[in-house]
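Just below is one structure, and these are the notes that go with it.
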């Protein structure tokens, strides 16, 4: 416990000019006490060093946006300033002058402290409008902590994130209750891993402790793991309603088989996850007739779980689906792929661009009607020779459709039988990309759309087989991918070799099986990454039959995955294709021949067939 407290003090010390102090707060009474020592304190004791104080909980210190100066500045004039996400209080600044106005202010202060340490089922949120003199700090986007697309919503509700205060406060309370204060401040990664595993076995917020275990195992290079991945991508179907030119999907290779609610309900390991993507591979999730029921069941059963999905948007407008999405799914990504109907038709083979745009407008209107932030709408574009010139027009289109985040993926055809082959790849069509890039960034900033696109040629960087993309959070919506990692990233990890591919520890991707796979159709299997090994046919070796937690952990430690994890921290021949992929762009046609040869060699060595 004290190790984590010390880490939080380090994080706060980066913001404040004075060494932070740690206090304990009773979540039911608002009484305060010293840590360590557990000595009772009066509320005015907090002002012994200064006439003002800044109070923050652990969730605030893990947030991407930390408006410390803004909160302090507002409190200087109003004497009480708060910062919250939805109904959850993250921090506040208080002047003794505010507290001394009258005796009733002590109870008001107690209520504020109770909100700051609120846990699961401990206290109902309060109306901040009823707190005398309270001023609220709003983020840079000029609204509540939300996307610009919701700026004109009359009211907004938002779903708690997996690291919301009620969850993280509960985790810390459980650590205190289990008397884990004997953890030394300089303990090693393995000692902490065992503590977190023990806590996970009995916690009501088991995903918090699982994420900590997962991070330690990844950073330590443990190949046979006890931690579940923090994220799962699950294909609800292999079928799609279009066949884009840049995609290897054809209607002939997949049957119209759909995941049922009963199958999802059997996945009891979902309670260990931080997020679940209801799409993976080539299929279109909105074709699954069970999707609305699946979303509603997941949101009710696992309220902490961050749900999301990728879709082409063609059937997004179904009323039952929209009603299920609203307020339950954290974000959806719609594959726009073009700024004009003619280009969309050229890429996708049908004239449905107007329908996709109308579906997005309907989604936005439904969110406004119900007063909810989620799902935040994202959009993406597979960058090819045919649509690259339209890239600068995408931010304006996104803003008009209520989309707050846009991603441009460079098209590649490595080991994939796409309709156009390699000739349409981004790398062979980007002679004027630097100019296109600069204009796109300007447009994104003007329309306040967060944008992630490939870097200009002179700034290209490669990591784990993929070209790094520039990201500008003009919408102010981004959060840390794995905020809990901040709590254990300063341990004395003893790693060998270069950085490891995080997907092999953190993300389980589950694809639908095609007719061309060795195991036939109607099943699912794990695949390791989006790089060269994503072309492997593992339908027999890593068959996914909707297992329970114990069975899934056994599958997650399949010999193939164990070998791949071992190779990440011991490069130099164990898995040569991973060694090469780590520093070469797997989407660049000039690297295809070498990577294809290495994939074939590794498959032959491990007895794995390739797909057609």
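Sub-7 Å Cβ pairs linking a first residue in region 465-481 that is in the same structural domain as residue 535 (by TED's automatic domain parsing) and on the phi > 0 side of the Ramachandran plot to a second residue that is modelled with pLDDT of 85 or more and surrounded by fewer than 18 Cβ atoms within 10 Å (Cβ to Cβ), at least 6 apart or interchain, number zero. Among the conditions (1) in a helix (DSSP H, G or I); (2) farther than 30 Å from residue 10 by Cβ, residue 587 misses just one, which is (1).
Restricted to region 279-297, and to residues that are in contact with a strand residue (DSSP E or B) (Cβ under 6 Å, 6 or more places away or on another chain) and in contact (Cβ under 8 Å) with a residue 40 or more places away in the chain, which residue is surrounded by the fewest Cβ atoms within 10 Å (Cβ to Cβ)? Outline the logic, then answer.
Of all residues in region 279-297, those in contact with a strand residue (DSSP E or B) (Cβ under 6 Å, 6 or more places away or on another chain) come to 279-281, 283, 285-286.
Those left that are additionally in contact (Cβ under 8 Å) with a residue 40 or more places away in the chain: 279-281, 283, 285.
Numbers: 279: 21, 280: 24, 281: 23, 283: 26, 285: 25.
Of everything passing the filter in region 279-297, 279 is surrounded by the fewest Cβ atoms within 10 Å (Cβ to Cβ).
Put simply, of 567, 514, 500 the only residue that is over 30 Å from residue 257 (Cβ atoms), outside the structural domain of residue 66 (by TED's automatic domain parsing) and in a loop (DSSP other than H, G, I, E, B) is 500. For region 387-428, a residue qualifies if it is in contact with a helix residue (DSSP H, G or I) (Cβ under 6 Å, 6 or more places away or on another chain), at pLDDT below 90 and not in a helix (DSSP H, G or I), and the qualifying residues are 410, 411, 413, 414, 415, 425. Please go through region 87-97 and pick out each residue that is under 39 Å from the mean Cα position of the chain (by Cα) and more than 28 Å from residue 159 (Cα to Cα). The one that is under 39 Å from the mean Cα position of the chain (by Cα) and more than 28 Å from residue 159 (Cα to Cα): 95. One residue stands out in region 597-610 among those that are touching a helix residue (DSSP H, G or I) at 6+ places or on another chain (Cβ under 8 Å) and not in a loop (DSSP other than H, G, I, E, B): the one that is surrounded by the fewest Cβ atoms within 10 Å (Cβ to Cβ), namely 601.
What do you reckon, is residue 604 more than 14 Å from residue 532 (Cα to Cα), over 27 Å from the mean Cα position of the chain (by Cα) and modelled with pLDDT of 80 or more? Don't jump to the end; show me each part of the working.
Values: more than 14 Å from residue 532 (Cα to Cα): yes; over 27 Å from the mean Cα position of the chain (by Cα): yes; modelled with pLDDT of 80 or more: yes.
So residue 604 passes the test.
Of all the listed residues (376, 332, 314), the sole one being closer than 16 Å to residue 406 by Cβ, touching a residue at least 60 places away in the same chain (Cβ under 8 Å) and crowded, with 17+ Cβ neighbours inside 10 Å is 376.
Out of the residues in region 514-527 that are at pLDDT below 90 and touching a strand residue (DSSP E or B) at 6+ places or on another chain (Cβ under 9 Å), which is nearest to residue 603 (Cα to Cα)? Give the steps one after another, and end with the answer.
Residues of region 514-527 that are at pLDDT below 90, as a first pass: 514-523.
Subset that is touching a strand residue (DSSP E or B) at 6+ places or on another chain (Cβ under 9 Å): 517, 519, 521-523.
On the way: 517: 14, 519: 16, 521: 21, 522: 24, 523: 21 Å.
Here the answer is 517.
Considering only region 343-352, I want to know if a residue exists there that is within 27 Å of the chain's Cα centre (by Cα) and either over 30 Å from residue 600 (Cβ atoms) or buried (at least 17 other Cβ atoms within 10 Å of the Cβ) (or both). Before the answer, list the steps.
If we filter region 343-352 for residues that are within 27 Å of the chain's Cα centre (by Cα), which is where we start, we get none.
No, region 343-352 contains no residue that is within 27 Å of the chain's Cα centre (by Cα) and either over 30 Å from residue 600 (Cβ atoms) or buried (at least 17 other Cβ atoms within 10 Å of the Cβ) (or both).
Would you call residue 321 over 20 Å from residue 244 (Cα atoms), at pLDDT 95 or above and buried (at least 19 other Cβ atoms within 10 Å of the Cβ)? Here the answer is yes, as residue 321 does meet what is asked. The residues in region 521-542 that are within 24 Å of residue 568 (Cβ to Cβ) and not in a loop (DSSP other than H, G, I, E, B) can be counted, and the count is 8.
Looking at region 52-100, what helices (runs of 4 or more DSSP H) fall wholly within it and have at least 3 residues that are within 25 Å of residue 483 (Cα to Cα), touching a helix residue (DSSP H, G or I) at 6+ places or on another chain (Cβ under 9 Å) and in the same structural domain as residue 127 (by TED's automatic domain parsing)? Break it down into steps so the answer makes sense when it comes.
Details: elements: 58-61, 68-78, 96-99.
By residue number, 58-61.
For region 302-352, the set of residues classified as over 18 Å from residue 287 (Cα atoms), outside any loop (DSSP other than H, G, I, E, B) and touching a helix residue (DSSP H, G or I) at 6+ places or on another chain (Cβ under 8 Å) consists of 341, 343, 344, 345, listed by residue number.
Confirm whether residue 538 is crowded, with 17+ Cβ neighbours inside 10 Å, under 25 Å from the mean Cα position of the chain (by Cα) and either under 14 Å from residue 501 (Cα atoms) or modelled with pLDDT of 80 or more (or both). Before the answer, list the steps.
Working: crowded, with 17+ Cβ neighbours inside 10 Å: yes; under 25 Å from the mean Cα position of the chain (by Cα): no; either under 14 Å from residue 501 (Cα atoms) or modelled with pLDDT of 80 or more (or both): yes.
Against the criterion (crowded, with 17+ Cβ neighbours inside 10 Å, under 25 Å from the mean Cα position of the chain (by Cα) and either under 14 Å from residue 501 (Cα atoms) or modelled with pLDDT of 80 or more (or both)), residue 538 does not qualify.
Taking the listed residues 224, 237, the one that is part of a loop (DSSP other than H, G, I, E, B) and surrounded by fewer than 19 Cβ atoms within 10 Å (Cβ to Cβ) is 224, with no other qualifying.
A Cβ distance below 6 Å, combined with a sequence gap of six or more or placement on separate chains, defines the contacts here; from region 22-45, residues that are closer than 15 Å to residue 56 by Cα reach residues that are part of a loop (DSSP other than H, G, I, E, B) and modelled with pLDDT of 90 or more in the pairs 25/117; 27/117; 27/119.
The values are calculated or read from the model by the stated rules, or taken from the named source; none is laboratory data. None of the values given here were measured: they were computed from a predicted structure. In this analysis, Cβ positions are derived from the backbone assuming ideal geometry, glycine residues included, and neighbour counts consider all displayed protein chains.
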